[in-house]
Amino acid sequence: MYVSETQMRVRYAETDRMGYAYYGNYAQYYEVGRVEALRQLGFSYRELEDSGILLPVHTFSITYLKPAYYDDLLTVRTMIKEKPMARIRFEYEMQNEKGELLNRGETTLVFIDAKTGKPCAAPAAFIEKLGNFL
């Protein structure tokens with residue numbers, strides 16, 4: 001299993017009238033975790049796109065357990081538990097600085113050939129790097 005952790009703070013503009021981090025922001029928080037997980041693995045979205053591979057989100061799900069508040073320091077734990085083929089599944093756990101679990105979620109992305117617009121296999125170099133963890 002590949003695991004990456006990324007931290008970020010809830011900004012004031014990301015809160016709602018109740019003082020909670022607005023639920024719609026969690027997709028962006030997960031994206032930050034996902035992008036940084038790939039970067040820590042030695043890849044970047046930009047490099048994948050420049051090589052002709054796109055990674056659109058196919059599915060997104062989240063289970064909210066507790067709210068995050070303005071100025072909370074969040075830790076997004078991003079996990080890849082299985083070898084990607086034409087799809088890659090990321091699982092997430094988010095905690096506040098007290099170590100309380102705030103939510104769990106997952107996204108599935110599809111490797112798309114930019115020229116054809118059709119699904120393709122994950123790049124061999126990507127599979128090779130992940131192979132050290134899976």
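The values are calculated or read from the model by the stated rules, or taken from the named source; none is laboratory data. These numbers come from a predicted model, not from an experiment. Because the Cβ atoms are built from the backbone with ideal geometry, glycine has one as well, and the counts that use them run over all protein chains shown.
Of the residues making up the stretch 29-51, those that are free of Cβ contacts under 8 Å to residues at least 40 places away in the same chain, surrounded by 12 or more Cβ atoms within 10 Å (Cβ to Cβ) and either of a type outside the set (Phe, Trp, Tyr) or not in a helix (DSSP H, G or I) (or both) are 31, 35, 38, 39, 40, 44, 47.
If I ask for residues that are within 16 Å of residue 3 (Cβ to Cβ) and more than 11 Å from the chain's Cα centre (by Cα), which ones from the stretch 75-93 would you list?
Across the stretch 75-93, the qualifying residues are 75, 81, 82, 83, 84.
State yes or no: is residue 113 without any contact (Cβ under 8 Å) to a residue 24 or more places away in the chain and among the acidic types (Asp, Glu)? So residue 113 fails the test.
Taken over the stretch 52-75, residues that are surrounded by 13 or more Cβ atoms within 10 Å (Cβ to Cβ) and free of Cβ contacts under 8 Å to residues at least 60 places away in the same chain amount to 10.
Within the stretch 10-19, being of a type outside the set (Asp, Glu) and either surrounded by 18 or more Cβ atoms within 10 Å (Cβ to Cβ) or within 16 Å of the chain's Cα centre (by Cα) (or both) holds for 10, 15. Counting the residues of the stretch 78-134 that are of a type outside the set (Lys, Arg), farther than 21 Å from residue 58 by Cα, in a loop (DSSP other than H, G, I, E, B) and modelled with pLDDT of 95 or more gives 4. Considering the stretch 1-17, and only residues there that are part of a loop (DSSP other than H, G, I, E, B) and touching a residue at least 40 places away in the same chain (Cβ under 8 Å), the residue that is farthest from residue 97 (Cα to Cα) turns out to be 1. Within the stretch 1-54, if we keep just the residues that are in contact with a strand residue (DSSP E or B) (Cβ under 8 Å, 6 or more places away or on another chain) and acidic (Asp, Glu), the residue that is nearest to residue 118 (Cα to Cα) turns out to be 36.
Counting only residues that are surrounded by 17 or more Cβ atoms within 10 Å (Cβ to Cβ) and of a type in the set (Ser, Thr, Tyr), the stretch 76-134 holds 3 of them.
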